[in-house]
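Written out below as structure tokens is the structure these notes cover.
The values are calculated or read from the model by the stated rules, or taken from the named source; none is laboratory data. These figures come from a predicted structure and were not determined experimentally. Using ideal geometry, Cβ is built from the backbone for each residue, glycine included, and neighbour counts are taken over all protein chains shown. Remember, those area values only see protein heavy atoms, side chains included, never the ligands or the DNA or RNA. Shrake-Rupley method; radii C 1.70, N 1.55, O 1.52, S 1.80 Å.
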Amino acid sequence: MDEEITEVAGFLSGHEPFRDLPSGVLNSLVRQLSIRYVRRGTRILSVGEANSVMWVLRSGAVDITDPEGTLVERSDPGTSFGMSTLVERAPSRYDFTAIEDSLLLVVPETAFRELCASDAGFASFYTSAHAARLRRAVGALHATSRGGAVLKTSLGDLVRRPPVSVTPETPVREAAQLMAQEHVSSVLVLRGGQLVGIVTDRDLRSRVLAVGRDPESAVSAIMTPDPATASAEALAFEAIMEMVDRSIHHLPVLEAGRVTGLVSSTDLMRLEHNNPVYLVADIRAAADAESLVPLGARIPRIVEQLVAEDASAQDIGRVVTALGDAIERRLLTLAEADLGPPPVPYCWVVLGSQARREQGLSSDQDNALLISDEMAPEHDAYFEALAARVTSGLAATGYPLCAGEVMATNPRWRTTVSGWRTHFAMWLDTPEPKAVLNGSIFFDMRPLHGDHKLVDDMRADVVARARHADLFLAYLARHAVARRPPIGFFRGLVLEKEGEHRDTLDLKSGGVAAVVELARVHALLNGLTEVNSQVRLEEAIRRGSLSNELGAELQDAWEFVAYLRLRHQGHLVRAGREPDNFIDPSVLTDFERRHLRDAFRIVRTAQQALGQRLPLDNLS
């Protein structure tokens with residue numbers, strides 16, 4: 001018997017987490033084990049079945065599959081499985097099937113729990129396994145329901161002909177003749193086979209005909225130099241994102257650094273009718289604010305389509321934000337056209353989810369005005385009128401007024417750069433809990449229109465000061481830690497208890513918003529000016545503010561919850577209802593409910609880690 005114990009202990013000591021156990025603890029565990037032999041094809045445990053043991057594979061192989069039959073993991077000797085039922089005190093999430101004759105070491109629940117209670121490293125090893133499964137769940141959840149071509153087609157597949165090109169010295173007249181002869185709307189400008197520029201039909205109109213330029217001049221004088229490009233392997237959706245971000249309609253395609261062709265927004269339009277590139281173009285061509293109203297109404301349908309076509313929550317947020325930015329910019333240019341040029345330089349900024357490029361369909365408007373210190377009292381009438389026109393236009397286009405009046409119509413948020421510096425100094429130097437909470441949205445600020453330098457210089461100074469404002473950071477962290485995810489002590493989902501959303505799950509407050517606030521605190525702790533939550537988390541990982549494991553888990557948790565939220569909003573749009581953040585858990589699959597619990601647990605772990613890092617206990 002002792003020889004057998006020694007043999008099993010030797011086997012376990014070669015695998016995590018057993019190798020780190022003291023020899024006495026390991027030998028004690030081995031004495032509590034039993035051995036089970038299973039033949040090939042045996043179902044060891046089924047989805048929904050109760051379980052009171054953990055298995056360690058001694059020899060053979062076991063497949064772990066989810067309820068849809070997708071292979072989650074293939075266990076090799078030394079691998080533990082079945083522990084999720086013990087960790088969660090719940091029926092099995094998975095099917096476990098021996099695919100070879102296998103020998104299993106059976107760990108009783110009591111022995112497992114005793115070790116978890118006495119050895120933090122042992123417990124952490126098994127709880128972290130859930131995060132890995134959550135990461136796989138994010139990919140599984142994005143499985144497409146209709147196979148949209150825009151997300152399946154590479155740009156290389158769209159290239160139908162070699163590029164039509166000229167040299168920088170080619171006369172404009174010859175380039176225009178070539179475009180007409182080849183029936184193309186652009187030509188690439190190559191020098192020695194390398195791309196140096198692009199000329200479009202719009203360039204011919206605006207840079208030649210409209211200004212009376214000599215058609216014999218070289219195309220180098222009118223081309224757009226160093227144009228944006230994409231690789232042949234990039235997907236059509238990635239090209240759409242590039243075009244939306246840069247407001248362009250032509251994208252040269254490169255393979256191994258050489259130009260192989262060009263795709264246009266027309267090529268992409270053939271793939272999908274609801275193309276955000278074309279909606280942006282329609283928005284920019286809107287003659288007045290009233291014309292923007294039906295254009296804004298098209299955004300929910302685009303979101304619904306992107307959700308159905310497997311786009312990630314991060315990419316959908318970028319598209320929604322780009323469309324909202326376009327509407328807001330058009331309202332600003334229309335207002336300036338009516339009111340005349342601004343009396344002094346200014347910058348219109350967006351805040352919150354729009355600033356972070358994370359907008360969903362239930363977002364209200366959050367904006368502000370930073371005005372040059374040259375401003376005189378008589379200038380405020382202009383900016384008051386500008387703010388009124390833009391905010392009312394946004395409300396008509398589908399962006400509700402902010403209930404907290406965080407808008408440029410509020411004189412407090414329509415002030416000079418010096419006034420804004422005073423606001424930030426108050427939050428940082430003499431913080432009060434409520435003021436810090438109300439002011440936190442202003443640390444997610446992005447310039448949209450006007451003189452961006454007014455914002456950039458101030459933000460750089462504010463962020464540099466914030467990382468040393470210990471009391472301010474502590475208040476901000478306390479609020480982030482207090483925003484509890486909707487998960488109970490026994491891992492049950494906590495539903496709304498009253499009001500119109502009773503018995504639903506709030507995906508925003510304790511999910512998406514909780515991660516946003518954690519990412520903001522870590523960004524300010526590290527002096528980062530970036531405002532996008534995923535980028536903030538990436539930088540926090542890179543700088544060691546978050547561990548690689550917890551940071552990656554938090555990114556996956558945000559993506560999973562945000563995707564479910566956007567999908568829910570898309571379903572409401574299809575049903576003709578107003579989008580919101582409250583989902584009936586009964587419409588979720590068991591798979592989704594399980595991984596929501598994992599996501600919320602990860603958020604809570606990250607909150608606890610932040611609470612341990614900063615002194616929150618003694619705050620008033």
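How big is the accessible area of S34 in square angstrom, nearest 10, if you roll a 1.4 angstrom probe over the protein chains?
The accessible area of S34 comes to roughly 60 Å².
Net charge within 12 Å of R39 by Cβ-Cβ distance, Lys/Arg positive one each and Asp/Glu negative one each, not counting R39 itself?
Computed value for this residue: +1.
How about segment 417-514: which trypsin sites (Lys or Arg not before Pro) there are in a DSSP loop, with at most 11 other Cβ atoms within 10 Å of their Cβ?
When the trypsin sites (Lys or Arg not before Pro) of segment 417-514 are filtered for loop state and at most 11 Cβ neighbours within 10 Å, K497, R502 remain.
Got a number for the accessible area of F96? Probe 1.4 Å, square angstrom, nearest 10.
So the heavy atoms of F96 present about 0 Å² to solvent.
Out of all DSSP beta bridges in segment 312-429, what portion is antiparallel? Express it as a percent rounded to 5.
Percent antiparallel among DSSP bridges in segment 312-429 is about 60.
Using a 1.4 angstrom probe with every protein chain in place, what is the largest-first accessible-area order of H183, H571?
Accessible-area ranking of H183, H571, largest first: H183, H571.
Radius of gyration and Dmax for segment 350-485's Cα atoms, expressed in Å?
15.4, 48
Expressed in nm to one decimal, what extension gain is obtained for the pair S124 and A337 from 0.36 nm per residue of sequence separation less their Cα-Cα distance?
Values: separation 213, 0.36 × 213 = 76.68 nm, distance 6.12 nm.
Length difference between fully extended and current span is 70.6 nm.
Note the angle between two axes, namely the Cα long axis of helix 120-141 and the longest principal axis of the Cα atoms of the chain, as a number of degrees from 0 to 90, rounded to the nearest 10.
Long axis of 120-141 versus the principal axis of the chain: about 50 degrees.
Within segment 150-202, which GluC sites (Glu not before Pro) sit in a loop by DSSP and count at most 15 neighbouring Cβ atoms inside 10 Å?
E169
How about segment 549-579: which trypsin sites (Lys or Arg not before Pro) there lie in a loop by DSSP and see at most 12 other Cβ atoms within 10 Å?
Sites meeting the loop and neighbour criteria: R577.
With every protein chain present, what is the per residue accessible area of the chain (1.4 Å probe, Å²)?
Value for the chain: 44 Å² per residue.
Which value results for Rg/Rh of segment 397-460 when Rg is the Cα radius of gyration and Rh the Kirkwood radius based on the inverse mean 1/r?
0.97
Can you tally the net charge around A61? Count Lys and Arg as +1, Asp and Glu as -1, for every other residue whose Cβ sits under 14 Å from the Cβ of A61.
That works out to -1.
Could you please put S440, S392 in sequence from largest to smallest accessible area, using a 1.4 Å probe?
The most accessible residue leads, giving S392, S440.
Let me make sure I get this right: for segment 192-298, a, b and c are the square roots of the gyration tensor eigenvalues over alpha carbons, sorted descending. Under 1.5 in a/c it's rounded, otherwise prolate if a/b > b/c, else oblate. Which is it?
It comes out oblate by the Cα gyration axes.
Round to a whole number: what % of the accessible area of segment 1-54 belongs to carbon and sulfur, probe 1.4 Å?
Summing carbon and sulfur atoms, their accessible area is 45 percent of the total for segment 1-54.
Order 279-289, 56-66 from most to least packed using the mean count of other Cβ atoms within 10 Å.
56-66, 279-289
If you wrap a convex hull around the Cα atoms of segment 459-499, how much volume per residue is inside, in Å³?
127 Å³
As a test of reading the structure, rank L564, L178 by solvent-accessible area (1.4 Å probe, protein chains only), most first.
Numbers: L564 0, L178 40 Å².
Putting L564, L178 in descending order of accessible area: L178, L564.
For the chain, take the longest principal axis of its alpha carbons; what is the angle in degrees between that and the long axis of helix 417-429, to the nearest 10 within 0 to 90?
It is inclined by approximately 20 degrees.
Using mean Cβ contacts within 10 Å as the protection proxy, how do 530-539, 250-259 order, highest first? Mind showing how you got there, number by number?
Numbers: 530-539: 21.5, 250-259: 17.8.
Top to bottom by mean Cβ count within 10 Å: 530-539, 250-259.
Using the alpha carbon gyration tensor of segment 364-406, what are the three equivalent-ellipsoid semi-axes (square root of 5 times each eigenvalue), largest first, in whole Å?
23, 11, 7
What list of ³J(HN,Hα) values in whole Hz, one per residue of segment 371-386 in order, does the Karplus curve 6.51 cos²θ - 1.76 cosθ + 1.60 (θ = phi - 60°) give from phi, with Gly and Pro shown as x?
10, 4, 5, 6, 4, 10, x, 6, 7, 5, 4, 4, 6, 5, 5, 4
Around A120, with a cut-off of 15 angstrom between Cβ atoms, what is the net charge of the other residues, counting Lys and Arg +1 and Asp and Glu -1?
Numbers: positive: R113; negative: E16, D20, E114, D119, E549.
Residues near A120 contribute -4 overall.
Could you state the angle between the C-alpha long axis of helix 470-482 and the longest principal axis of the C-alpha atoms of the chain, as a value from 0 to 90 degrees rounded to the nearest 10?
60 degrees
Given R₀ = 45 Å, FRET efficiency for S206-L493 by Cβ-Cβ distance, to 0.05? Intermediate results must be reported in sequence, preceding the final value.
Numbers: r = 56 Å, r/R0 = 1.25.
Computed FRET efficiency for S206 and L493 comes out at 0.20.
Can you give me the P(r) profile for segment 306-376? Cα pairs, bins 10 angstrom wide beginning at 0, each as a whole percent.
The distribution over segment 306-376 is 18, 40, 26, 12, 3, 0, given as percents.
Find the Rg to Rh ratio for the chain, where Rh is the Kirkwood radius over alpha-carbon pairs and Rg uses the same atoms. Before the final figure, lay out the partial values.
Working: Rg = 29.0 Å, Rh = 27.9 Å.
Rounded to two decimals, Rg over Rh is 1.04.
Would you please give the residues with an amide H less than 5 Å from that of G261, counting only those at least 5 places away or on a separate chain, with H modeled from the backbone geometry?
Long-range HN contacts for G261: V253.
Heavy atoms only, probe 1.4 Å: what % of the accessible area of segment 518-620 goes to carbon and sulfur, would you let me know?
44 percent
Calculate, in nm to one decimal, what S291 and R593 gain on full extension: separation in residues at 0.36 nm each, minus their alpha carbon distance.
Length gained, S291 through R593: 104.5 nm.
Determine how large the accessible area of L507 is when every protein chain is in place; take a 1.4 Å probe and give Å² rounded to the nearest 10.
0 Å²
What list of ³J(HN,Hα) values in whole Hz, one per residue of segment 190-203 in order, does the Karplus curve 6.51 cos²θ - 1.76 cosθ + 1.60 (θ = phi - 60°) give from phi, with Gly and Pro shown as x?
10, 10, x, x, 9, 6, 10, x, 9, 10, 10, 4, 5, 4
Say R0 is 41 Å: what FRET efficiency, to the nearest 0.05, do S392 and R246 get from their beta-carbon distance?
The formula returns an efficiency of 0.90 here.
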